[in-house]
Amino acid sequence: MKASGAIRLGLRANSQQFALLVAINAFVGGVVGVERSTLAPLAEHDFHLASSAAILSFLISFGLVKAASNLIAGRLADRFGRRTVLLAGWMPALPVPLLIIIAPSWGWVVFANVLLGLNQGIVWSTTVNMKIDLVGPRRRGFALGLNEASGYLAVSVAAAAAGFLAANYGIRPGPYLLAEGLALGGLLLSLLARDTSRHVELEAAGAVRTQLLGKLATEVSFRDRTMSSACQAGLVNNLNDGMAWALLPLFFAAHGLGLREIGLLASIYPLVWGAGQLGTGWISDHVGRKSLIVDGMVLQSLAIAGFVIVPGFNWWIAESVLLGAGTALVYPTLLAAVSDAARTPDRATSVGIYRFWRDSGYAAGAIVAGLIADAAGFPAAIITVACITGLSGLVVAGRMTETLPRAVRRVP
């Protein structure tokens with residue numbers, strides 16, 4: 001597609017800006033990746049928290065704020081442009097590692113994760129929307145696969161690096177100095193990004209934006225069968241991811257694993273998740289979205305149950321691989337399905353609404369897993385999350401409509 005001037009849609013036509021946004025998203029993922037292998041052990045080692053619910057409080061603050069930030073970012077991006085929102089989103093990240101390094105109490109860590117939630121919601125949402133803008137409809141799944149792959153591969157690498165630093169030099173300050181460097185690097189790289197609002201105007205071709213956020217939120221969340229199915233599946237996906245982030249390290253520690261082994265396990269799942277998305281987004285452009293989402297939710301459910309049913313370090317490695325594979329099938333495909341179903345002028349806001357529900361799953365997962373773990377133990381909490389994940393896949397199978405018409409699917 002072409003428009004007046006130099007604005008064109010397509011991955012090849014916008015390859016330099018697309019590659020820049022992929023790199024920026026890697027820095028976003030790296031900042032949060034540091035926490036995945038260090039924050040739960042930090043709660044036990046430095047602050048002597050014994051309650052799972054208390055330890056998971058950092059995830060509740062992170063999830064609620066990230067969810068709200070997604071919604072705000074999408075609406076602001078539709079109104080004021082992507083680049084402005086992208087740059088503003090890095091500001092809350094800068095003090096986060098420093099607050100954790102000097103934290104005298106767990107409350108400081110919880111507050112730091114409020115700021116981290118702002119950063120992750122705003123910046124990650126904005127990079128997603130900018131990539132969708134650039135590539136147009138035909139290669140949307142592939143583009144989102146690249147976006148999510150870059151972020152979660154960085155999560156994996158940062159989690160492994162943070163685990164190594166924590167095991168050799170202590171949980172503070174080493175891993176969080178790494179996080180500070182990543183936040184600064186992401187901000188500097190974002191200065192090179194160009195706004196993509198004119199790409200949206202080209203694809204919209206004069207369509208008028210829905211003015212009422214409440215009306216659009218109701219449509220995406222409840223009325224539209226496809227987008228509402230994606231919202232609940234996204235919520236459940238991040239519910240189980242929150243469990244994997246905050247509860248599994250405690251579960252592994254209770255079975256005698258050290259920081260180095262926990263760091264390895266914490267990195268395998270996002271590594272497979274990230275690398276897998278390089279293929280799953282592309283596959284969804286060929287075969288459609290729905291089947292990948294259903295299969296991915298079921299595979300996640302089986303992998304999560306396996307942590308309890310088939311325990312042991314080698315088995316946990318295999319189950320982490322399966323969990324990552326299931327999540328790779330689901331994550332970019334849900335984003336692509338919502339992007340397909342949304343009206344172009346409202347797309348950033350619609351994606352923001354979906355991401356609001358999806359990242360609310362972090363808070364839901366922390367509450368569900370934490371309360372059940374305190375009341376009945378880690379195995380009961382993990383099995384409960386596995387069952388919820390399987391049921392979510394059945395909802396998608398029965399309710400979602402395929403969003404990629406056969407005429408649009410690309411033949412390999």
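Read-outs: derived from the displayed coordinates by stated rules, not from any lab. Source: prediction; values computed, not measured. Glycine gets a Cβ as well: all are built from the backbone with ideal geometry, and neighbour counts include every protein chain shown.
Structure data summary
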item	result
Neighbourhood charge, 14 Å Cβ-Cβ cut-off, centred on Leu323 and excluding it, Lys, Arg +1 and Asp, Glu -1	-2
Per-residue ³J(HN,Hα) for segment 332-337, Karplus 6.51 cos²θ - 1.76 cosθ + 1.60, θ = phi - 60°, Hz, x for Gly and Pro	x, 6, 4, 4, 5, 4
Under 24 Å, Cα to Cα: Lys pairs in the chain, sequence gap 8 or more or different chains	4
Over segment 15-399, relative contact order from alpha-carbon pairs under 8 Å, at least 6 apart, %	29
Residue-by-residue Karplus 3J(HN,Hα) for segment 152-169, coefficients 6.51, -1.76, 1.60, Hz, glycine and proline x	7, 5, 5, 4, 5, 4, 5, 4, 5, 5, 5, x, 5, 4, 5, 5, 9, 10
Largest-first principal axis extents, alpha carbons of segment 326-375, Å	47, 23, 10
Positive minus negative residues near Ala43 (Lys, Arg vs Asp, Glu; Cβ under 13 Å)	-2
Centroid-to-centroid separation of segment 162-188 and segment 17-38 [C-alpha atoms, Å]	13
Fraction in percent of alpha-carbon pairs per bin - 10 Å, segment 15-399	6, 26, 36, 23, 8, 1, 0
For segment 233-359, alpha-carbon Rg and Dmax in angstrom	15.7, 53
Protection proxy ranking of 327-335, 116-124 - average other beta-carbon atoms within 10 Å, highest first	327-335, 116-124
Computed helical MRE - 222 nm, the chain, DSSP H runs ≥ 4 contributing -39500 (n - 2.57), nearest 500	-26000 deg cm²/dmol
Viscosity 1.567 mPa s, 4 °C: Kirkwood-radius Stokes-Einstein D of segment 18-108 over Cα pairs, µm²/s	86
